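Here's the structure we're looking at; comments come further down.
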Amino acid sequence: GNDPFAGRNLHFGVREHAMGAVLNGLSLDGTFRGYGGTFLVFSDYVRPAIRLAALMKIPTVFVFTHDSIFLGEDGPTHQPIEHLDALRAIPNLTLFRPADGIETAMAWAWALQKARGPVVLALTRQKVVAPNRPNSFRNTDVLRGAYTVSEPDGNPDVVLIASGSELPTASGASQELASEGVAARVISAPCLELLAAQDDGYRASLFPDGVPVVAVEAGLGEAFRRYVGSSGLICGIDRFGASAPFAELSERFGFTASAIAAKVRQHLRG
């Protein structure tokens, strides 16, 4: 036919486990880089192949879309809750949850050039608003795992750290808090594994001693616990989702800028 890509894409259908096994075979052969995709919630069916990729340290790329409850009306059977943390728990695996096109491009570049094990790209279904980064930002900052998106005028009273589609929500919350005299630093965290690999000095520059840290992620969010500590707060989800439009789900599950700002205010009051 006239399709220049005919034969280059394998249509696995609902055979997620077989897909993962075939991708690993491609990666092991080395002629091609194996990559494939499905909804994040169906990573459960791919998990044995992902784990073996991690065990063998082969750079298979798993692209998982519809990465939160915000996929909408498909409902809780298709809405991932525990999946991000479950994947992050696999040794030798690197998971990126990018917030915009720049973070996605850098994640893809890292996967192709630097990966020594499987890579997961967790991507949204809904549109996202790109952050308004400072002039000092460099694309390579993404590959430090986390970086500052916005700073208050003075020292921060709280640090907000978010991944993926929740970064704009955290930024909106910081603006609402600023109007009330609460200074918030906002950090984007596209990759917790790369953040963990940074030196102590870099992590200390993001999370000053004595400043509470609030993590925002539309999932369990427990992977942020090491940075939140005992004085911080995780704004996550610990129950199954619901079938509803994106905006309604944001309200119901507390992932609006106003709802996050309210949780931060309450937490700071103690």
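A short reminder: the numbers here are calculations on the coordinates, not readings from a lab. Predicted model, so just to flag it, every value in this text is computed and none were measured. Reconstructed Cβ throughout: ideal geometry from the backbone, glycine too, with neighbour counts over all protein chains shown.
Brief remarks follow.
- Under a 5 Å amide H cut-off, with hydrogens placed 1.01 Å from N, VAL120 pairs with PHE62, THR94, LEU95, PHE96 among residues at least 5 apart or on other chains.
- Taken over the chain, the alpha-carbon convex hull comes to 143 cubic angstrom per residue.
- Shape index of the stretch 16-122: Rg/Rh, with Rg the Cα radius of gyration and Rh the Kirkwood radius from the inverse mean 1/r over Cα pairs, equals 0.96.
- Cα centre as origin, Lys/Arg/Asp/Glu Cβ charges: the chain dipole, Debye: 620 debye
- Interchain or long-range residues, amide H under 5 Å from PHE39's placed H: THR65
- Ranked for footprinting exposure by Cβ neighbours inside 10 Å, fewest first, THR65, THR38 give THR65, THR38.
- Ordered by the number of other Cβ atoms lying within 10 Å of each residue's own Cβ, fewest first, MET106, MET56, MET19 fall into the sequence MET56, MET106, MET19.
- Remark: LYS114, LYS263 ranked as LYS114, LYS263, counting other beta-carbon atoms within 10 Å and listing the fewest first.
- Each helix, a run of at least 4 DSSP H residues, gives -39500 (n - 2.57); summed and divided by the residues of the chain, these come to -10000 deg cm²/dmol at 222 nm.
- Alpha carbon centroid spacing (whole Å) that separates the stretch 197-270 from the stretch 1-67: 31 Å
- 5 angstrom amide H check on GLY232, placed H, neighbours 5+ away: VAL213
- Rounded to the nearest 20 debye, the dipole magnitude of the stretch 139-269 is 280 debye, with +1 charges on Lys and Arg beta carbons, -1 on Asp and Glu beta carbons, and the Cα centre as origin.
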